[in-house]
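I have placed the structure first, in the form of structure tokens, so that the comments after it can refer back to it.
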Amino acid sequence: VSIQSHRKDEHVSLAIKFYDKTSHAGFDQLRFVHQGIPEISLDDIDTSTTIENIRMDFPIYIEAMTGGSEYTKKLNQKLARIAKITGIAMATGSQSVALKDDSVAFSFEIVRETNPNGIVFSNLGASSDVSRAKAAVKMMNSDAIEIHINTPQELIMPEGDREFNWIENIKSIQEELSCPVIVKEVGFGMSKETIQQLVDAGVKNINISGKGGTSFSRIENYRRKKQEMDYLEDWGQTTVESLLEAQPFKDKTNIIASGGIRTPLDAVKAIALGANSVGIAAPILYSLIKNGEEETIEFVNDFIYGMKSIMTMLGAKNLSELQRKKLILSSDLLSYVSQRGLPY
Ligand code: FNR
């Protein structure tokens, strides 16, 4: 087993070990105002959304996690079945491992084999060039590709990257791929400055993946064993802070949220703050490993029902109506917004 394949297995086991069903992504600092007479039926709710030309019935999808080993192939196969049965989209983990070592490509290809007509997203790091990005899309005949940015994770990893000249790669990938390109964080969030750099590079889909759910500083620190850099465990902007950072760009670019989405209420709040879709990673993996496929299908269906219920209570028929609902901010968030000069 290669070092990289082993790392993929470790990421799964550590994400489960550290899984916390309570979100720390800031959603508890936001409230909706209850409306008693919404004049709407649950059946009127339309949860559909788009990522460029990709139409999705539901605004949630299985976020990038795994692939690259025999064990994670089985997980990807199960995740792909869950995506197929529930009708949600799915991203795989980074395919970098399979571009280096052909013999593990099957652990990604299985996703397309299992769900031939589903919506599938590829995933690669931002140090990848255009030809690798094209090869990753080809491997799964993917509908879109996620390019992840993750400087703290790389620097905490002893074997990680130390050079971060990414923007030219991102620009060429955006220019030369024929499918939608999504640039995503991995749980450290984004600032308005980072989002501006991406918008300037022509990126049309930005997943701010914020702090408050799975923590890759925690996971990589645990893997280090010695000389932990645990002082970085609180690094980054929460998902809510990142969505506030994204306010000036909501009309120019497609904002996607992930990181610490744990309940349907978290997801609906993320959409009200401007996200057009929401990625969920660890809760789905945790449910799959602890409770199995059937219960995870139920988890996803209940999640969608929960989102529709909240939209009904708010009288929001669709995502654009939901995005017109103003949330009440805690005084901490108000202070954040004012210190960062953000329009909300
Ligand atoms: C991830 N994540 C991730 N992201 C990415 O872009 N490429 C990757 O290869 C991985 N690998 C990975 C493995 C495992 C086991 C987990 C749990 C997560 C990050 C993921 O897509 C997401 O951004 C964060 O996990 C935050 O979302 P949750 O877990 O809080 O819902």
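Averaged over its residues, the chain has an accessible area of 44 Å² per residue, based on protein heavy atoms and a 1.4 Å probe. Dipole magnitude for the chain: computed about the Cα centre from +1 point charges on Lys and Arg Cβ and -1 point charges on Asp and Glu Cβ, it is near 160 debye.
State the Kirkwood hydrodynamic radius of the range 235-291 in Å, one decimal place, computed from all pairs of distinct Cα atoms. Kirkwood radius, the range 235-291: 12.0 Å. If a/c stays under 1.5 just call it rounded; otherwise compare a/b with b/c (prolate if a/b is bigger, oblate if not). Do that for the range 16-56, with a ≥ b ≥ c from the square roots of the Cα gyration tensor eigenvalues. Cα axes put the range 16-56 in the oblate bin. Semi-axis lengths, largest first, of the ellipsoid equivalent to the chain are 29, 23, 20 Å, with √(5λ) applied to each eigenvalue of the Cα gyration tensor. Given 25 °C and 0.890 mPa s, how large is the Stokes-Einstein diffusion coefficient of the range 139-224 in µm²/s, with Rh as the Kirkwood radius over Cα pairs? The diffusion coefficient I find is 176 µm²/s. When the square roots of the Cα gyration tensor eigenvalues are ordered a ≥ b ≥ c, the ratio a/c for the range 247-344 is 1.5 or more and a/b exceeds b/c, which makes its shape prolate. Kirkwood hydrodynamic radius computed over the range 78-204 comes to 15.2 Å, based on all pairs of distinct alpha carbons. Of the heavy-atom accessible surface of the range 145-215 (probe 1.4 angstrom), what whole percent is carbon and sulfur? The value for the range 145-215 is 45 percent carbon and sulfur by accessible area.
Lysine pairs in the range 53-197 whose alpha-carbon atoms fall under 17 angstrom of each other, counting only those eight or more residues apart or on distinct chains, come to 8. For the chain, the residue among I40, G125, L155 whose Cα projects farthest onto the positive side of the dipole built from Cβ charges is I40. Listed by chain and number, the aspartates and glutamates placed with their C-alpha closer than 20 angstrom to that of K290 are D9, E10, D20, E63, E70, E298, D302; residues fewer than eight positions away on the same chain are left out. Between the helical axis of 130-140 and the longest alpha-carbon principal axis of the chain there is an angle of about 80 degrees. Annotation: R81 carries an accessible surface of approximately 80 Å², with a 1.4 Å probe and no ligand, DNA or RNA atoms counted.
Considering all C-alpha pairs of the range 173-327, those separated by over 19 Å amount to 59%.
Applying the Karplus relation 6.51 cos²θ - 1.76 cosθ + 1.60 with θ = phi - 60° to the range 101-114 yields 3J(HN,Hα) values of 9, 3, 6, 10, 4, 4, 6, 9, 4, 4, 5, 6, 4, 6 Hz, where x marks Gly and Pro. Among beta bridges from DSSP that stay inside the chain, the antiparallel ones total about 15%.
The values are calculated or read from the model by the stated rules, or taken from the named source; none is laboratory data. A quick note: this is a predicted structure, and the numbers were derived from the prediction, not measured. Virtual Cβ from ideal backbone geometry, glycine too; neighbours counted across all protein chains shown. For accessibility, only protein heavy atoms count, side chains too; no ligands or nucleic acids. Shrake-Rupley method; radii C 1.70, N 1.55, O 1.52, S 1.80 Å.
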